[in-house]
Structures are given as C-alpha cells and as structure tokens.
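Structure first, then comments.
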Amino acid sequence: MMNKTGLIALLLLGFAGLYPLFVDSAWLAVGTTFLVFACVAFSQDIILGRAGVFHMGHAMFFGLGAYTTAILNVQFGWAILATWIPSVVIPMACAFALVAPIIHLRGDYLLVATIGFNIIFIQILENDVFGLTGGPNGLFGIDVVHVFGYDFSSQIHMYYMAFILLGITLFIMRSLDRSKFGRAMFYIHKDDIAAQSMGISLRYYKLYAFILGAGIAGAAGSMFSVQYSAVSPEAFNVTQSIMFFTIVLVGGSASLPGVLIGTFVMFVLPEVFREFETARYLVFGVAMILTMILRPRGIWPVKFGNIPSFLKKGAK
Amino acid sequence: MSEYLLEIQNVSKLFSGLVAIDNLSMKVKKGQIYGIIGPNGAGKTTLFNCITGIYTPEIGQILWKGKDIKGISPYKIAGLGILRTFQTIRLFSEMSVAENIMSGRHIKSKQRWYNGIIPTPAYFKDEKYQWTKVGELMEFFNLSLYATTPAGDLSYGIQRRIEMARALAAEPELLILDEPAAGLNENETIELTEMIRKIQAMGVTIMMIEHDMEMVMSLSEYITVINFGAKISEGVPSFVQADPKVVEAYIGSDEEDEDA
C-alpha cells in the first residue's frame, strides 16, 4: 500500500524524469540548474536544518567543488571523470580543517565566522592565487564527460547527470534520517544539553553534518562547472550562501519536500517571472518576509514521528 | 575497586565568587536509592550538574568507581553509565515519544559512521534491535499509546515518564532524578514511587532530589540534607527527619518552598 506522500513523490519523479522531452533548451538548462541547486540546498539543510548550525558560507563548499573540477581539467588536463572524487574530497577536507576550530561557537558567532570564510574564499578566487583560479573572470572551456569514447555533451545529458546526482543525494538524506547520525543531529538541534546528557557529542555530530554537507555541495559544484563549462567567483559569493540558507528556512528545515519547494520558489519562480525584470525580486523579498511571519517553520514543515510500523500499532 | 559507586569528596563550586556548593562529600553505594533534600536554592541541582559534567567544580573530586571524573564532558559522563533527568523537563518536544526514547539508545547503537550515508545489513539489524528496545520501554512506562505523539503535546506527568524512559533506555548504572515528582498529582506520585522501586530492582543505583517528603522518606535508604551549598545532616530517613538542624532549615525557608 502506498501513502499520499509516496504517491506525490512518485508523480514528481515521473515528471522530473520526463521533463526534458517537453521543454526547449532554455527551460532544460533551468531544470538542470534546479536539480543541481536542490542538491546544494539539501546539503545546506543537513547542516542548518538538521544539526541546527547557523552556517552562511555554503556557497564556498559548492565553489570548492566547482573550482576543483575546473582547475584540474583546464589547468592540469585531467578528465572530468577523474576530477569527481577530488571535487568531493577537497571540500570535505576543507570543511574539517576550517570548521573544526570554530565548531564550539554558538549560533550567531558561528554564522559570522562562516560568512568570513566565504569572503576570504572569494578573495582567493579573484586574486588568481598561484595562477590557478583565473581571477575575476574565472575559468572557461571546461570539458564534458567522456566514457568509452562517448561524449555526454548535450543539455539532455547534463540534465540526466544532475537527475542522478539528486537521486544519490536523496538516497543519502533518507539514510541519514533513518540512522543514529541523523537523529543525533535533531537531538542536538532541539536541545543540546539534553542531547549531551544522553551521550551525544555535539562536536562530532556537528562536524559530521558539515563534512557530509560539504561533500554533497562539492559534487553539485563539479556538476555545475561542467554544465556551464565555465566557473567564475560571483556564482559562489555570500549572496549565494544567503540564498541557500533562505531556501532551507522558507521551504522547511529538515523537510525533504520543503527544501525542494524552497529551491523551486527561490530559484525557478524568478525564471518564470523573468519578463518583470528586477521588479520580481521585490515580490520575493515580500514573500520571504511573509513566509517567516505566517509559516515560521517553512512552507512544508518537517514531520517527526518517523518510527517503525510495529511501534505504531498500539498508538492512537 | 572502591566499595562505593560514586564518591563526592570535598567538592566546592563557585559562581563568580559566590559559593554554590561548599565542601560537600557523600558516598553512594551500588544498588542504593540515595535522596538529597534541602530548601530551594540550596545547591542540589548544582551538585547534579557537577556530577554530570555540565559544571566543573573548582575544588574536590568526584570519583566514579574510584576514578576521578571531574571536568569530563557531559556526553562522556553519559557514556560511563551516569544518566539523568531534568528538574525543568528537557524533552525534544517536537519529536515523537518513541524518537525521544530512542535518543537514550544512542550510546548503545553499534551503527558505524558510514551508516549515515548507506545502510548495511549490520545497520538494519542494529536499527531494528534499538527500536525493539524502545518498544519495551514504552510498554514498561505505559507510553505505547503515545508512540507517535509529539512529546511536547503531552501532560506534565507523562512528560516526566518519557524523561525517565529516555534515561533508562541508555541502560544506566546510576540514574539521577532531579525532582521527579514535581508537578505530579497524588496518583501519579504513587505510580512514580512504584516505578522507581522497579527500576531499583533492575539493579540501577538511583540518586534523587525531591521535595515530596513522604516519597523521598519512603524510597531513600540514605539521605543527605543540603542548605546554602553545605551538608547539614545525613543518615537514614528516620534519623534525618528527627534532626533539629534539618527541621530548622525547613522552617526557616517555608515561604520559598511554597513556590516550588
């Protein structure tokens, strides 16, 4: 038997799977970017929505993945396929090295520190450190994926690669939700003193969230650089970090449908209303404010009580 | 190894020069129910916070099975088998009762770091086992009915039961109860008393702060009385009840007691 949420999920999956057959190339690119941004939003959600850490520098991890692929491919001639592992591992290693010393900071203090990291990251990119990053213009001419002599170069290929990436991301989110790791993050988020008294290390699980989030964001960044065959610093600045932060809060922290809706509202709707030019951002500002007033837990808030069915039998 | 499970030796805790706990010593035997009483503001909860690692006392030692555990972080204290409840209930109120109790199973779970990303056969086995344990505890505490209900939506008495179930889920050696009967009605207090006896029968040592004198006197095998952070009396319930110093301390603070 399938419940309502499962049915909606299946319909969405079907729609997303067939979407490229019905749209022109411009909308196909919007669709691909939506899938990539959804991955980044989910990875932000692990840190912000689940572990409850106010992290506003997530575009840095996204950018680290994108630049790892770009630099290794453009400057060192690596095949895109070979850059996939480094584009995940390098953001994870950076997350550990940068965040471990500041993970004990509370809410707003940590938020400011993560913004600081993001600003420094942009400075490094713009100043073309070691002549690798291409400065303010970024890097161009990133290759496409070749497997067994076949080129995955069309927009449709890009779309389905991003589709698979989102599938992997959702699989991880589901595993996380049903493991002691995901639960530990919720406990820390809801009451850190009670969580510690149950034997849960704040430091370990917050870092776990950061490293996992950075890895997924890095993979999405790699995909992003290949899709546009170029990277430049402004795609990974603090404004982008604010957008990922907002997607999670507007959509619904720790809620899978919520984060998808958040990504749709914050990213796809502006594309739909392109003809209104910059006036559309006014509408979004207002929408963000109204969401926080009317639905402070997001458009589709998280639902707890995800327990095995044998425990639900006796419950009312 | 020491004959005592927990020994508090000459512990003092200062808050910016104010003495919250003043040269306090006590010894808790394995399997005992140990009561701590005293007027409000006497430093009882501060003592529990020192034992569970939330505070680090400036002076003295806290020995767990003979080893000093002073200054160890709270999550490691829980790992040693010292679990607690809170005076002001601290549940994960948006989460279901079952999920709340599951937090107690955290330290017993054998899931590996990669199980947060990918499930393995060992993970499925562990996950099922932990939830089964949660089911047993809900049965024991008569909570099965509320398995999926958010803990914050339930009455005070039920929330206290959830907190105890959560602590007990971690299979503690020492269970620290901070005013377990506060806010409970008469029937609930009787239920609680039976529950605490059953927990003791499982072999769990219990330390308890309680203002309900009838309950604390009937349950405790040994009692320490604290006032202004210092011990003013200790002994078996009948001795403590008759001690003039204890009577004086309570009469002198009658008013605050009413606010509790």
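The values are calculated or read from the model by the stated rules, or taken from the named source; none is laboratory data. The shown structure was predicted, so the numbers you read here are calculated from the model rather than taken from an experiment. Here Cβ is always computed from backbone atoms with ideal geometry, including for glycine, and neighbour counts include all displayed protein chains. In case anyone asks, the SASA skips ligands and DNA or RNA and just uses the protein heavy atoms, side chains included. Shrake-Rupley method; radii C 1.70, N 1.55, O 1.52, S 1.80 Å.
Some observations on this one:
- Residue match in region B:105-113 (condition: more than 30 Å from A:Gly314 (Cα to Cα), among the aromatic types (Phe, Trp, Tyr), more than 20 Å from the chain's Cα centre (by Cα) and within 13 Å of chain A (Cβ to nearest Cβ)): yes
- In summary, helices (runs of 4 or more DSSP H) completely within region A:180-294 and bearing 1 or more residues that are within 14 Å of another protein chain (Cβ to nearest Cβ) and out of contact with any strand residue (DSSP E or B) (no Cβ under 6 Å at 6 or more places or on another chain) occur at A:180-190, A:192-197, A:202-228.
- Those residues of region A:127-139 which are polar (S, T, N, Q) and open to solvent by 30 Å² or more (accessible area, probe 1.4 Å), in sequence order: A:Asn127, A:Asn137
- Residue in region B:59-99 that is farthest from the other protein chains (Cβ to nearest Cβ), counting only those that are under 17 Å from the mean Cα position of the chain (by Cα) and open to solvent by 50 Å² or more (accessible area, probe 1.4 Å): B:Gln87
- Screening region B:131-178 for residues that are in contact with a strand residue (DSSP E or B) (Cβ under 9 Å, 6 or more places away or on another chain) and surrounded by fewer than 20 Cβ atoms within 10 Å (Cβ to Cβ) and picking the one that is nearest to the other protein chains (Cβ to nearest Cβ) gives B:Thr148.
- Test: residue in region A:289-307 that is of a type in the set (Phe, Trp, Tyr), within 21 Å of A:Ala38 (Cα to Cα), open to solvent by 90 Å² or more (accessible area, probe 1.4 Å) and in contact (Cβ under 8 Å) with a residue 60 or more places away in the chain: no
- Of the residues making up region B:41-58, not one is open to solvent by 60 Å² or more (accessible area, probe 1.4 Å), in contact with a Gly (Cβ under 7 Å, 6 or more places away or on another chain) and touching a residue at least 60 places away in the same chain (Cβ under 8 Å).
- Exclusive hit being surrounded by fewer than 20 Cβ atoms within 10 Å (Cβ to Cβ), under 26 Å from A:Ser255 (Cβ atoms), at pLDDT 95 or above and not hydroxyl-bearing (Ser, Thr, Tyr), set A:Ile124, A:Ile216, A:Ile200, A:Ile164: A:Ile164
- In summary, strands (runs of 3 or more DSSP E) completely within region B:155-248 and bearing 3 or more residues that are closer than 30 Å to B:Thr132 by Cβ occur at B:174-178, B:205-209.
- Test: residue in region A:131-138 that is touching a Gly at 6+ places or on another chain (Cβ under 9 Å) and either among the hydrophobic types (A, V, I, L, M, F, W, C) or at pLDDT below 95 (or both): no
- Among the residues listed as A:Ala70, A:Ala97, A:Ala93, A:Ala66, the single one being modelled with pLDDT of 95 or more, among the small types (Gly, Ala, Ser) and farther than 24 Å from A:Val36 by Cβ: A:Ala97
- Scanning region A:72-94 for residues that are part of a helix (DSSP H, G or I) and in contact with a strand residue (DSSP E or B) (Cβ under 7 Å, 6 or more places away or on another chain), we see that the one that is farthest from A:Asp151 (Cα to Cα) is A:Val74.
- Going through (1) over 28 Å from A:Gly52 (Cα atoms); (2) away from every other protein chain (no Cβ under 13 Å) one by one, A:Ala315 falls short only on (2).
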